Amino acid sequence: MNKLDTNYKNTWCPGCGNFGILVAFKNAIKDEDPNNIAIVSGIGCHAKIVDYINVNSFYSLHGRALPAAEGIKLANPDLKVIAFTGDGDSLDEGISHLIHAAKRNSDITVVLHNNRLFALTTGQFTAVSVEGFKGKSTPTGAPESPINPLELLLASNATFISRSYSGNIKHLEETLKRAIAHKGFSIVEVLEPCVSFFNTTEFYNNKTYVLDDANLDSREEALKKIREWNYEENGEKVPLGVFYEVSKLPFYERVLTNKKEETVEDILKELI
Amino acid sequence: MKDFTILVGGQAGQGSRKAGLVIAKILNSLGYRIFIYDDYQSLIRGGHSFSKIRVSDKKVEGQSEELDYIIALDKETIDKHLDSLKDSGTVLFNADRIEFKKGLGIKSETIAKEEGGSSIMANTVMISAFAKTIGVDFELLKNVFQKEFKKGLDINLKIAERVYVEVIEKTKIEKLENKILPLITGNEALALGSVEAGLDMYYAYPMTPATSILHFLAGRKLGVETIQLENEIAVIIAALGSAYAGKRTMIGTSGGGFALMTEGLSFGVMAEIPVVIVNSQRTGPATGVPTYSGQSDLNFVLNAGHGDLVKFTVAPSNADECYEWGGRILNLAWKYQTPAVVLIDKEISESTFNLDINSKIEQENNSLWNQEGEYRRYEITENGISPLAFPGNGVVVKTTSYEHDQNGLTAEESEEEITAMQEKRLRKFEAMQEEVDNMEDAIKIFGNKDSKNVLITFGSSTGPAIEAAEKFDLKVVQIVVLEPFPVIQVTEAVGDASLIVCVEQNALGQLASLLAKNGIEAEELILKYSSRVIQKGEIEDLLKEIL
Ligand SMILES: Cc1ncc(C[n+]2csc(CCOP(=O)(O)OP(=O)(O)O)c2C)c(N)n1
Ligand code: SF4
């Protein structure tokens, strides 16, 4: 047994994209000191990952992975904090946290397991489901069209934006390493098939391609790359790679400034 | 007993609150005891605001209805409050804006401008005029000004000096031998108490009347990190994250924000993560009357959070208790690894009291892991308290909102495992109950301890209830710890009572329901739910009918 494994029984469906993420992540952190890592998750199929990895973990509520990750980082900036979250988790229930964590440049890595539906609740549409998605809650098709989460994150001033695919473990591992090394807010959107409710394996195998790094600090270029695929069902090309990377002071360095320069006694004297 | 009240009023933005505070500081430094109630509406400019400064030779914790002085910066102050002025009372008014036949009119804005100041310094004119009227030495006034006017001190002093010379002294206020005590709001006292118990971080989303905790801690250099987040859900979850990583955290809000925090509260119970939540009540439901008081969140707070859970809930009633419980509750939360609520309200949060500390608050030890053997975050123990360790300590610490095994891994399959963990928490809840059972001051008794007529009350109703009880020689029981309920102490305190009257500020008699649940029936209820704080006179009037 790998020291990063727990002996907890894995209950993902065979062929689920989450397996690829688990493998790639364990590879990505194998040279890190596990004592300095804390992983966080929301609730959903994706979130079970914390039970499968033998490092410090915080299994949060649905939609609430990010504030927990931010709180951990602020309490102990020496920790590397990685939040695993689903599209339902962070684009529906907890979307405000995603926007604000990016805006603050909280020094956390967000791994967005994007299977483009609520899986654990047996397949309903999310903010990134294709228009017309037929799930149990929308038998005649989802009436809404998807948002582009990476565009939203660019607008929210995220400082590291990337996309990978659970079926391209090598690329995913490299991207995760880069994201974890980034100082500030980083997102790795991981496209993953849900074999039980929305099997996109073939689509991603055929349509994804890896972009070269170029002009990573250009918002215009980033937007072009991000908009190349807009989450439609039958897009032509789905780019993977790092789309945007700039450096900016992380939140904890800006906000943790309250030095102890006075005592309660001092203040009580002043208040006389 | 010397006991008089000064009301300073004006339009929002005219500085009546500052004037009230300076006057209070002057009288405080003469050894008087002070209570300041600040009244304002949910707006930034215009509208009427006022401060009522109650001054006494004994400690006072509540307003008085009758006024001895009115200091009016605008006409509305007189229109609204003249009815409350005693026959012997005096009015000092801003003659630039007000025509009034009695009292002392001073063209305060004109004077302020003549001395090179701006019209807002009319409040300085009124402070000085009042000080001279009651015979305060100019040196003392000057000392207080030096502390209170960091900006524009020279002009303010110049204005004050001129007015002091022109106004006639009417009486000579006596200096008292009392020890001089700090003047502090309930929110500030709560913050300081928690700092003494080792507070590391304070998260919040602004909501009156809790906001000034955030402002106070942010403006000070006490080593407490203050962080404003996007909403109250983020606030509680981030606080849980920080506490998981080893930092003592507190968060504060009012009823609406507390509602958003309840999913996190339930999570805190399941994951056994300490966090102190301050709910400073205003008048509910919903947005209610945002800058006024009430006690209508009692039921909600006691029942907050889904699932089987017990937490601590305490209800301090004044600054001394806020200071004390700000510290004690943080220690208890960490001892039992649990969320804990401090339930106060606008009257306590934003009113100014004399702080008289009589207990030393210190950080107490957490239930830390002793570094021996294998570490299990949720180890099954006899008293239900498992060892604490934090990420970075060299062991794997797993925490979760799911029901879990001793290692913090999800437990769904084994009924046995699930029951064992639930029962571990139940034993901890019992230990928390025992903690309260052994707390002598979980309730406090005032008035005639032998009286068979008992008023039961909590929080901001306590001060007025104690004063009203004096007149009828009644016993007053203040419930300080509301959860786990101190049933032994309360039952004993009312054991031989022939009449129990609940005094509380909500419409449904929520305290009475809590008592009934614990086998104590209140015969009568004195309720107030108009958003304005219950007054001793109102309680007295109702007691006359009841007794
Ligand atoms: C407050 C709350 N609402 C609803 C749920 C039910 N719920 C559990 S998982 C889930 C959706 C998960 O979707 P996603 O985050 O995309 O994860 P996936 O299962 O697809 O990996 C929902 C709605 C919940 N646990 N908590
Ligand atoms: S339901 Fe979908 S997401 Fe969940 S484990 Fe199965 S394949 Fe994976």
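The values are calculated or read from the model by the stated rules, or taken from the named source; none is laboratory data. It should be emphasised that the depicted structure is a prediction, and the values quoted were computed from it without experimental measurement. When we count neighbours, we look across all protein chains shown, and the Cβ atoms used for this are built from the backbone with ideal geometry, even at glycine. All accessible areas refer to the heavy atoms of the entire protein, side chains included, with ligands and DNA or RNA removed. Shrake-Rupley method; radii C 1.70, N 1.55, O 1.52, S 1.80 Å.
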With all protein chains modelled, accessible area of B:MET207 [1.4 Å, Å²]: 30
Excluding residues on the same chain fewer than 8 positions from A:LYS134, give the lysines whose Cα lies under 23 Å from its Cα. A:LYS207
Please work out how much length the chain gains when fully extended from B:PHE138 to B:VAL165, using 0.36 nm per residue of separation minus the C-alpha to C-alpha distance, in nm with one decimal. 8.8 nm
Measure off 7 Å from each Cα along the Cα-to-Cβ vector at B:LYS86 and A:LYS103, then give the distance between these two points in nanometres to one decimal. 5.3
Where a Cα-Cα gap under 20 Å defines reach, which lysines qualify for B:LYS398, not counting those fewer than 8 residues away within the same chain? A:LYS3, A:LYS9, A:LYS26, A:LYS30, A:LYS48, A:LYS73, A:LYS80, B:LYS247, B:LYS335, B:LYS424, B:LYS428
To the nearest 10 degrees, the tilt of helix B:536-546 (Cα long axis) against the first principal axis of the alpha carbons of chain B is 70
Within-11-Å neighbourhood charge of B:LEU298 [Cβ basis; K, R +1; D, E -1]: -4
Accessible surface, 1.4 Å probe, highest first, among residues B:GLU196, B:GLU177: B:GLU177, B:GLU196
Which residues' amide hydrogens lie under 5 Å from the amide hydrogen of A:ARG64, considering only partners 5 or more residues apart or on another chain, with H built in the peptide plane? A:ILE43
Cα gyration tensor of the protein assembly as shown, axes a ≥ b ≥ c as square roots of the eigenvalues: rounded (a/c below 1.5), prolate (a/b > b/c) or oblate? prolate
Measure off 7 Å from each Cα along the Cα-to-Cβ vector at B:LYS471 and B:GLU65, then give the distance between these two points in nanometres to one decimal. 0.7
Compute the angle between helix B:122-133 and the longest alpha-carbon principal axis of chain B, please, reported from 0 to 90 degrees and rounded to the nearest 10. 70
What does the charge add up to near B:PHE258, with Lys and Arg as +1, Asp and Glu as -1, over the other residues with Cβ less than 9 Å from its Cβ? -2
Summed side-chain charge close to B:GLU65 - residues other than B:GLU65 whose Cβ falls under 9 Å, Lys, Arg +1, Asp, Glu -1: -1
Per DSSP helix of 4 or more residues, -39500 (n - 2.57); summed, then divided by the residues of the protein assembly as shown. What does that give at 222 nm, rounded to the nearest 500? -10500 deg cm²/dmol
Give the long-range amide H neighbours of A:LEU240: residues separated by 5 or more places, or on another chain, with amide H under 5 Å away, using H modelled in the peptide plane at 1.01 Å from N. A:TYR209, A:VAL210, A:LEU211
Among A:PRO34, A:PRO193, A:PRO239, determine the one that fluctuates most according to a GNM of chain A built with springs between C-alpha atoms less than 10 Å apart. A:PRO34
As a test question: what accessible area, to the nearest 10 Å², does B:ARG376 have when a 1.4 Å probe is rolled over all protein chains in place? 70
Between the stretch B:66-123 and the stretch B:442-521, what is the C-alpha centre distance in whole Å? 41
For A:GLN124, enumerate residues with amide H under 5 Å from its amide H, sequence gap 5+ or separate chain, H modeled in the peptide plane. A:PHE118
Using only Cα atoms, find the angle between the long axis of helix A:169-181 and the longest principal axis of chain A, and express it within 0 to 90 degrees, rounded to the nearest 10. 20
Using a 7 Å offset from the Cα along the Cα-to-Cβ direction at both A:GLU221 and B:ILE120, what is the distance between the two label points in nm, to one decimal? 5.0
Taking a straight Cα-to-Cα line shorter than 20 Å from A:LYS259, and setting aside same-chain aspartates and glutamates fewer than 8 residues away, one finds A:ASP78, A:GLU270, B:GLU188, B:GLU196, B:ASP200, B:GLU225, B:GLU362
Compare B:HIS215, A:HIS100, A:HIS113 by solvent-accessible area with a 1.4 Å probe and give them largest first, with all protein chains kept in place. B:HIS215, A:HIS100, A:HIS113
Ranking request for peptides B:103-110, B:39-46: highest mean number of other beta-carbon atoms within 10 Å first, then the rest in descending order. B:103-110, B:39-46
